[in-house]
Structures are given as C-alpha cells and as structure tokens.
1. So what's the Cα pair-distance distribution over chain B, bin width 20 Å, in %?
2. Going through the cross-link list B:K77/B:K144; A:K414/B:K280; A:K469/A:K624, which pairs have a Cα-Cα distance over 25 Å in this structure?
3. Quick one: which residues, 5 or more positions from A:L228 or on another chain, have an amide H under 5 Å from its amide H? H modelled 1.01 Å from N in the peptide plane, none for Pro or chain starts.
4. Which whole-Hz ³J(HN,Hα) couplings does region B:224-238 yield from phi under the Karplus relation 6.51 cos²θ - 1.76 cosθ + 1.60, θ = phi - 60°, glycine and proline marked x?
5. For B:D241, B:D281, what's the fewest-to-most ordering of other Cβ within 10 Å of each Cβ?
6. With a 10 Å Cβ neighbour count serving as the proxy for reagent exposure, in which order, fewest first, do B:C254, B:C49 appear?
7. Quick one: Karplus J couplings for region A:514-522, per residue in order, coefficients 6.51, -1.76, 1.60, θ = phi - 60°, nearest Hz, x for Gly and Pro?
8. From the phi of every residue in region B:256-267, what ³J(HN,Hα) in whole Hz does the Karplus formula 6.51 cos²θ - 1.76 cosθ + 1.60 yield, where θ is phi - 60° and glycine or proline is x?
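Values quoted throughout were computed directly from the atomic coordinates according to the rules given, and no laboratory measurement underlies them. Please read these numbers as outputs of a predicted model, since none were measured by experiment. Quick reminder, even Gly has a Cβ in these numbers, built from the backbone with ideal geometry, and neighbours come from all protein chains shown.
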Amino acid sequence: MEFPPALFPSYFTAGPPREERGPATAAGWGEHGQVLQAGPGRRQAERSFVPRRGGTGESWEPADAAAVPLLPPSASCWVPSLTPQDILYRGFLRRKGRAGRAGAAPALDFTRQLSHFFVDHPEDAFGSLGRLLHKNFYLGNSRLTKPARDNAIRVTALMEEIERLEARRGCPRRYLASRLRWFSHLCRDWLFEVPLGLLGDCVHEELLLQWASLLFDDSPTGGALVWLPPKDAGAHTGCLVYPGGRAMNHLCILPDFQDVVLEELPCTQGSPAQFELNGCIRQVAAARVDGEDFVGVRSDYHCGVWRVPGRVGAAPTPLQIIRTSVPASCLTVSPHLPGELAVCTQSGAVYLWSVETGLQRLRHDPQTMFFRDHSPWRWSDFTAHPRVLSCADRTGLQCLDARAPERCHFDLFKVGEEAGCQQGERVVLPMYLGRAHPSQHLVTTQFSVYVLDERLPLVPMLKWVHMMKAPPLFAHLTPGGPGRSHKVLLGASRTQELLLLQYRGGSQSACQLVGPPQKLHSIAGCLQHLPTQLPHRHRLLQQRLAAPAAGLAATLQEDRLQESLLVFQLSEAGDVFCQRLTHEVAQPHAVTSGDEAAPAPGSSPLFDPAAALRYRRWLKGLSKGCGDPPRPPTISQKRLFTRKELEGPAGPSPLHRQAWRQLRQAMREGVRIQHWDPPAPQPPALPQPLEPAGGLDPLSTRLAATWCGDWGQWWEEGTSLSLAQRQRALRERRRRQKRARGRCSLSASFTSSLTYQSELSELSDAGPPPLSPDRPPVLPREGSPPGTSPAPSSAPEDALLSSQSLRCRGIPKERRKTLRDYLSVWAEDPPEPTEPPGSQASQPCIPSSQSQLSSASQPRRKRPRMGF
Amino acid sequence: MIWRIGTEILCHHSHSSMKEFNAFIEQMKTLGVKRYLKVCLEHAFHLLCRGLVDEAYQILSAAESWRFGEQTAIQDKEMKLIQAYKGLLDYYSWSKQKNILLENEWDGFEDLSVEQEMHGCFRKAAVNLKEIIKMPGVWDQFVKCYVDLLEFYGDHNEARQVLNEYAYNSKFPANPNAHVYLYQFLKRHGEPRKSLISALKILHDIVPSHELMIDFNTMLQKSKKRKRRRLGLEVIFAALDYAGWKENVKAWNCLARQVKQIVTSGKHLDWIKEEWNSRKDWWPAFHFSRYLAKRNWQENESLSCEKALVAGILLGKDCKYFKYVSHQGCKARVKRFRILKKFVNKYNPVYLRISG
C-alpha cells in the first residue's frame, strides 16, 4: 500500500460550494489540470512532466455498430412506465416545448387524475350515498311529473351541462351554469364517500411523488446486473446474474456462458437457475471472497444473499433473507469477508449484515450528514479496512468503524468547496474501487465523477465533469493490471448513456485521467439498425428499447493477442444487450481501424451476419411474446348463434333445417345436445368439416366444443382460468405497489383491482352485455325481441355484411367489423380461417381490458392510473 | 468553450503540429480576457508535457507580468499558480547549474558566473515557491523543491518550519506526504529517535496503512521502552488490518517476529490478548481461511510460513491455516516448517491463555 510520493498541486479551501453558475459546457476538456514531475527525477535528463489529464490512454474501439441482444426477450409483456405526458397538464407540455425552459414548476394535471378516479371507481367514490340517493336522482329523458319532482331531480340536464362545459374547454368566456353551480354547492360537502379535501390532498401528494420519481428515481442505484467472472482465469465462462420475469421478481443466474470466441458474440448456454422473489429486484451486488461469489439482492422490503460456489456446475444456494420495514436503498457485498454485507434503509439506518452473526446497526440518523437535504437515500460500501464502512447520503461520505461507530469516523467526501463542487451538486453513487487500488473510492454526482483516496480524505485525486444528461446511477470498474489503466464505466438510467473513463495511478504515482472519455452504444441506439417495421410495431419497439436502463456489467476477455471488453446493459423491460470493445494495441493503426469499426450513427449498418441474425431472432421472440396476448372472447354467444347466422350457411338444405330444428328444440328445453345423430344415410354436412380442424386453431376448437355441447366447459377452461390468473396477478401487483408506497395512503385505492372490473363494465356498456358462461345459451326467439329489427332470413352474403344492414339491425358500430369477420369466416369454408379471430382481426374494436400494449394504441383508453 | 474543444482536438489530432497549437492558443488568449491566465497556464502545461521547458518558462513569465483591471479571487489563485510553476522551473534551472557547479568543483574549476546565475535562480524560485506554500492546499512538489533549496543553503530552521507548517497546520488537508517529508527531513538531519517516533506516530494516527509503518514498527521494536514496544505491536496489527497489506511478507514477518519474541519471553502476553480481542471475530476469516492457506502456499511459501506461525499462536494448532501449511510443509520436507510446527506445539498453552 504505497502512497504516491508527490501529488498534483491543488488549492484546498473549506466551506460550502462557491461556484454559482451551472456546469460550464465542456469543462475540463482540452485541459491538463496540473502537471507533475514524473520519475525519480534526480538526474536532469529524465526530467519530464506528466499531466493530470490528457495522457495517452488505451484505445478501445467498438467492434459493432450497435449493442446486440444477448438474451431472448422475456416472454411476458412489459408494461411501459409512466411518462410525463401521463401526469402533466397537456397545455403545459406544449407551452414548455415552445418556450424552452419557461415554467419552473410543472403543472400536474390534478383534475384529470381526480376525474379518472371518479369515473374508474364510482363505488369507492360515491358508493353508499349513491345508493341512498338512488331514488331521488332521475336519469330519464322525459320531464318529471309534479309529485315526483318534489323529491327527485333530473340529472340528465346536469350531464348535458357538463358535456357542454367540456366542449368549451379552453374558452375564455366559459361560465358555469347556475344549475351546475348550485348543485356543486349543495353536494360538495357530503356527496363523496371520502372527504373531498382529504382525497385531493392524497391525490396531489401521490402526483408529486410520481413526478419526483419521474424526474429522478434513485431506487435502481447500483444496478441489477452482475457478471461473475470465471473461477479460473483461463476459462471463457462466467455467470450473469440479472432480474427477469414479469415483475422483475425472478433472480436469474445464468450458469454458463459459452466459450466466447472473440470473432463471435457471446452466447448463452443452458437455462438459468431461477429464484422467484417476493418483490421487484432493484439491485444486485456481488463480490468474490475466497473463491466464492456472494450475490446480494435488494428489493424494496427484502434483501437476500446467495452463494455461488466456486465449483463448476454447483447450484447457487440462498443463504439468508432479511425484511425491512422501510424500503432499503443500498446493499453492498464485502470483498473482504465471506457473507458480510452492508445495508441501508431510507430511514437513515446503516447496518452491517453478517450471515453468521446477523445485523449490527452502525448508525441511525434521519438527518443528512453535512447539510440538510430532503432525500432519504443512503448508501454504504466497504473500504480497505474490513471493519470500516463508508456511509453516504446526498451530501457526502463518511467512514465509520463498525467496532465503535459513534466514536471513530472521518469525513471522506463532502459536497463543498473542498472538492470544488458546484452549488446543487449531490452525491449519486459512491463505489469502492478496491479491485483497482485498496484505498480508492469512486463518487459520482450529477455533474462530475471523483476518485478519492481514503488516506487523503476530502481532496479528490481526480475529478472529471462527465457531461451526462442523466446522473450516473451505475458504475463498473474493470481493473487494469500493472502499467495498465483502470477502466470505469458509468451508466445512466433514464437516458441509457454509457461512458467509459480510464485512469491510472494511485500507489507509485499520482492518479491521472488518461485518454479521452468515450461514449458507448446504448440499447436504444440499435433501433436504426433493425429491419424496418410497421409503424405501430416500430412505436412499440421504440418504446421497448428506450426503456430506462436498470444495470450495467462488464468483463474483460483475453484471447491470444487481442483483448476485448464486453459491456452488458440491462433495461427495465428485462432485455440484456451486449457490446464488445476491442483493444487496439498499435497506436497508428488504431486511427484507421477505429474509423472502420465505428461508423457514425446514421450511416448504413455494418453488421456481421451473426449480429443481424441475433436481431432477427430477438424481434421474432418479441413479437411472439408481446404481440397480442390472448384475451377472452368478447363476442357474446348471441352473436355467434343468431338465427340469421345459423340460417345463412344452412340455407335451404333439409339436413340443415333438421339440424337447426333439433338444436332449437334442445335449447328451448334447456338441455344439451348430447348425441348428434343425423339421419343415417347421409353424414351431416355441417359438423364434419369442423372436426378435423378441431385441434388446430382456437376458433375451430371452440366451434367443435359448442357443437359437442360442452361449450361452457371450454369457456371455463379458456377464460376463467386466465381471468383468475390475471386477477391474481393484478391483486399481487397492487399489493406490491401498496407496499412500495411505504405509507398508508388513500391514494392506494387508485391501484385497486377494481380497475379490471370497471373495464369489464365499460366493455358491457359498449354493446349488449356478454352472457356469463354458466348461463345456458339462449337463442333469440322466432318473434324477434323488441329493439332488434327482423332479420333477413336468407339475405345474400354481402348484404348481410354491409354496414347498413348491420346498423339497421341495431349493432353498434364498433362491433360491426367483428361480426363481419365472424360471418366471413362462417361463410367461407370454415375449417381453416386465415386468421384466428381472437387476434388481429378483432383488435381495433374490442375494448382491451387486459392488454396495456394495445391500449396504448387507443388514445381514449390511455389513462394513467396512478400506481401503475 | 472554443478553446477547450479546440485544444482537445489539437491534442488528439495526429497531424497537428506545435506551431499550429501555439497559434491557436495565442488567438484564444486575445479572445477572452477573463480566461487569459488559465489559457496561459494550460499552454505552459502543454509545452512542459512535450518537454519544451524554456518555451513554457517564457509563457509563464509573460503571464506573470499581465495586468488587467482588478483581479478576481480565481485570477489571484491562478496568478499564484503561475508564479509557483515559474518558481519550479527556476528551481530546475538552479539544480541544473548546481550540478554543473558540483561537477566543476570536482574537476577543480570555479565558475563565478554560473554561481551567480544559480543564486539568481535560487532567489526567484524561493520567493515564488514561498508564496504558494502559504496558501492551504496540496503542494507536494513545491514544498519538496523549496526545502531542497533551503537545505542547500543551510537554512534548516526555515526548512523545518515550512515542513511543520505544511504537516500540522489544520487549514491544510491531512496529507500523508507532508508527514513523510517531515520524517525524511528529520531523518536526514540525524534528529533523535524520539522526534522521529513522534512524527511517525502522527502519521500512524492519520494513515495506519502507510508503507512507513514497517519502518516505524522496526524502530519501535528496537526500543527498550515497554510502552514503545507495545505501540509497535499495535502498529503492525493495525497495518495488517488493511486489505492492501494482506500479502505483505515484510509485515507478516514483523508480526511473527514480535509475537515469537513475546511468547518465548512469556511476558506481555496480555498485549497480544488485547490486540487479538478486537480482531478475533474477523481475522480468522480475513487472513487464516483454508482457501487463503492454499493460495498462499502456492504463491508465496515464505508468506505462508510467517502467517502460519501467527495463526498457530493466535488460533492454536488446530486452526485450518496452520494445519494446512504445516502439513504441506512437512510433506515438502522443508526444514523451517518443521521448526515452526515444533514451536507452535510447544507454545500451544499460550493460545489458550490468549483466547481465554
């Protein structure tokens, strides 16, 4: 542990940060910082100077034009996260776009959210009083008669007023009708189930919370992707640990990594060892002690530790799990002692967690260390001394001795003039750089990145203004050997930026930043290299690829002559992408080859076939997994088996007529047709063609099931199961989010599972109510019920399908296409319909209750529900 | 902005020449008055890194005489830095001439003009360096040069004062190098051991993991005072707490020697006990695991020997580390391991007393 004999000169002043201006553009570029005499320097011939920055570093050139998917896309659908458009007032966004950075405070669309609540959860909002006042509200169109008028009011007129008001939105001369005004005055205090003021407060608070997390979400700090290097240095296999699953609640430890032949891309081998956890994984941390890897996993209220043994092929074993009452904000694994971790919670507590001895609280201080900052975020990491932990909040870092945490501590880093910080600068991620040098630490802020040495606290050894758009939440160190530079990768979450910095020194010589900082490919950057997609698919793909990053890992591969750095990036959608950087040894050669290897963005993709194949496969997997999830049929039985539909194809054939008669009789009696026994001589014309295709596509199986009479059972199997599953998933998600909220709030009711039901009820509003599956199928009588026009008995096909004829039969507009699809299927040779009607064909007209993805394509349905 | 990007491009462009760079920088200097000093300083750095010391000196002298209105605090700092670097270059030319002079003296010549020039350089360098050292900061190379100048002219008191100020002034950051320079200065001048120890004691307090701790430990062990030997044990235990010292043979050797000495003499076992008490819950896993035994044995036999001795005494002869190493050692028929085994077996009761 040598200390550099001389450090770069610098001023040292204590106090709060003085620099008032924002970050100067390109600060630090083209600068040497300071110079220091290099070498022992007693003899004058050797007198040379080295700069603090600007020395020549290693040249790492990207081998591909963009990041390449490493794993197939996760089968489950990814729910896009909240966007500013969802909770901001629309006019504000537009105005902001025009005027640049005009408004300081964002205008949250409070009224929209509140109205969504009233519309989506009427039972929660007005349940009991609604029932009480049921008799006194009249919803009809006709005028009220005298005796009824005494204790009932006509609400239809009010509704009309409200609609008119809505139409005049934005009009300066809009005024409230007196009727509306008195109604609101009269009802404001008692109509609502939840007191309006309280509800408003909660909604507002929730909105602010969501907005804050949209601006900066610190929960994924540290990253949830970890690479466990191979046990013996020569092997080309290692483990990748990443979260997967629908809610990112599966810890996947990919056991093997195929031999990475350097010309090729890394491939995965075998299936991952999966552990289902009780919450969304926020962070995965790992360290190797005594040849064994210890993997720590943090979700909001649980932290767990796994051991991945050194033997090849041995399964990872979970060791211990702890539960916290306040969300945990940090989990780091000790690189010194096996089974030791540091845990921080948002209440300001720092624990040393040992698998053997349990938790030891080192500090509990809800206040920040150096000045007051509202953020409850805390971080802790290990230092060169196994019993000394660094402990950070937004204002700086302190080192605590676990043996006497109250007495023994010193300040390692302070946001202030000591480190030349700017005003408003805050610590974003500290990291122990023990693998590069035992006493070095990395601290990133939203503006700069610092390298600190714990032997000379407060004075940064290095400082670099990183100029990333979003604060770097992830960092990864690839230590360089003797004489080589250490590579530090920084990653931002929301913008997916990746930055590669190199530095060297720390023991024999002072720290120097070498080489220019380098921006690496982001996941979203590969969009332009993918084959052209249909517009709506393109949009989905864009959304998917632009999902915020959730983790970062890297590994150095050495093979024969060439070295390459593999960088993995995880997105919140669960995609893991990978890129390779190759080390150019020969300096003059590097210039030309670098130009070839990294084409400028926008130029034609220069992909080797392997990468192109990888993309194609990934896209295929994506469209398969997330294209259109199966949904229950939303066409009621009435539609399938109306008289005209049965009559149409049946035509005048006597056999058909007989079959039809038999069916109708069975239905009238309420029994099922158990045996279909047609007249012996001819085989029945209708059911036969259906049967061979029975097992092939959903429509055929369904029709076959219907014909056989156990349609109800088919429905049960097909829907209620998945419905129950989905309800369970929804409930589960709601519970999770409620917990994540961390406090009891009324706004939690926003995430109520009632959402699903309300959507169902909307669905039924849109058309005739779907029949419940357990009721026996009822066919319309011969004398058609009031409201539906008499159906043409043997109308020609096109007349039946024309929209006019559909309209005159009282079929709502949005159902007509579905019906047409069905009928066309019916009219053609039924066995092999070109498309299963449950998928694309009926998509636009079915109010999608489950699929968030397709709801995105319908502007009316795109309603942010808070908590989702 | 233009300056920064432009410089960056010129620095990394393969075909740019020094001439173009100079022309560009000159333009930048006239462009922004506020940045003038900063640009000058960076220009000088650029020249220095390319070994053009004389040109850099010219730039610095030009910048030193630049005046424009009232100086802001930042400009003031930059000016001081410019002067300091100029002083540094003066120092280099001084030491160059000193070497010439010494060579000449060796040959029997005396050159008055060189001597005079050398004195001139000294005066300029001393004035400039002295200024910057007064400001709080990290001034390792300036302090070193200044002390060298003072020492050459025999002004030891001044040098000592400067070093003391640099090390102990609370306005300065706790720079371990400041203490190292002071210690080296004291050592060079044959100061009594007491003052050396006190200088190192302070260094130990701020950086227990400094590489000088081995020197400190040997110095303390040689001492006759019990208190100092006690401190020596503390120092070496504390150094070995750090991850960076894990595989340092010298340090383990120091510890093994001292432990052996204490055990054979039978006195002061309580010292070991006290040190061990705060470490017994984590040192076994940190230093004496079976995995480490295997690796140390493979990589560095002498390290494993030293560690095994310490492990055997602190943890008893049944400890995994000792067992593995002594077993391997006996298998390999290395004599020192047999001695080691015998020693540990003989003093096994000590372990009981320490752990008890």
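1. 23, 36, 30, 12, 0
2. A:K414/B:K280; A:K469/A:K624
3. Correct list: A:C239, A:L240, A:V241.
4. Here the 3J(HN,Hα) series is 8, 6, 4, 4, 6, 5, 4, 4, x, 4, 4, 4, 6, 4, 5 Hz.
5. B:D281, B:D241
6. Ordered by Cβ neighbours within 10 Å, fewest first: B:C49, B:C254.
7. 10, x, x, x, 10, 8, 9, 5, 9
8. Values, residue by residue: 4, 4, 5, 4, 4, 4, 5, 5, 5, 6, x, 9 Hz.
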